[in-house]
Every structure is written in C-alpha cells, then in structure tokens.
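These notes concern the structure reproduced below.
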Amino acid sequence: MESTMHGNGESETLARRAELAVYQCGHGLLHVRVNRVTLTLRPEEFSRLATLVGEAHIRLGAREALRTCATH
C-alpha cells in the first residue's frame, strides 16, 4: 500500500484501479473516488456500502447467468 498526501494530511491508498480508488486519511475516514466524485465515509458506513455493492454485484451476476441460460 502506498502513502500519499491528500488535502491537509497523509493518507494510505487501500486500492486503486484506473479511475477508481479507496484511501484512508489520517482522520480514519475512508474516501472512495470514482472519476471526479469522492465519497467520504466513516469505517462503519464504508463497510455497509461494501456489503451493499457486493450484494448488487452478486445479483447482477445471477441475472446475467439466467439470461445466458435462457438464450441457449
């Protein structure tokens, strides 16, 4: 993991891909960047968001699998 400066303090990059990134600032907040939009979340909010996104990802995968089966 890399440590960088964002704003007034140091932050740690937890994950980064192209135009997506998650980093944690020195205040313990998590910052989720998607293109030019950044969500700033407390750790418990980030955890709930990660769970929600995971559930949506699973549902989308199941939906796609059903479509594939229906067309074959």
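None of the figures in this text is laboratory data; all of them are computed from the coordinates on show. From a predicted model like this one, the values you see are computed outputs, not experimental measurements. Every residue, glycine among them, receives a Cβ derived from its backbone with ideal geometry; neighbour counts consider all protein chains shown.
Would you mind putting 58-65, 20-27 in packing order, based on average other-beta-carbon counts within 10 Å, highest first? Can you show the working numbers first?
Working: 58-65: 10.0, 20-27: 15.5.
The packing order, highest mean first, is 20-27, 58-65.
What you get for the chain, charging only the Cβ of Lys and Arg (+1) and of Asp and Glu (-1), is a dipole of about 340 debye around the Cα centre.
Taking amide hydrogens as placed 1.01 Å from N in the peptide plane, the amide H of Gly26 sits under 5 Å from those of Glu10, each at least 5 positions away in sequence or on another chain.
Could you tell me whether segment 25-64 comes out rounded, prolate or oblate from its Cα gyration tensor? Rule is a ≥ b ≥ c as square roots of the eigenvalues, rounded for a/c under 1.5, then prolate if a/b exceeds b/c, otherwise oblate. Before the final figure, lay out the partial values.
Numbers: a/c = 4.86, a/b = 1.94, b/c = 2.50.
Since a/c reaches 1.5 but b/c is at least a/b, the shape of segment 25-64 is classed as oblate.
Pulled fully out, how much extra length does the chain show between Val37 and Ala70, if you take 0.36 nm times their separation in residues and subtract their Cα-Cα distance? Write out the running numbers ahead of the final one.
Values: separation 33, 0.36 × 33 = 11.88 nm, distance 3.74 nm.
So the chain would gain 8.1 nm between Val37 and Ala70.
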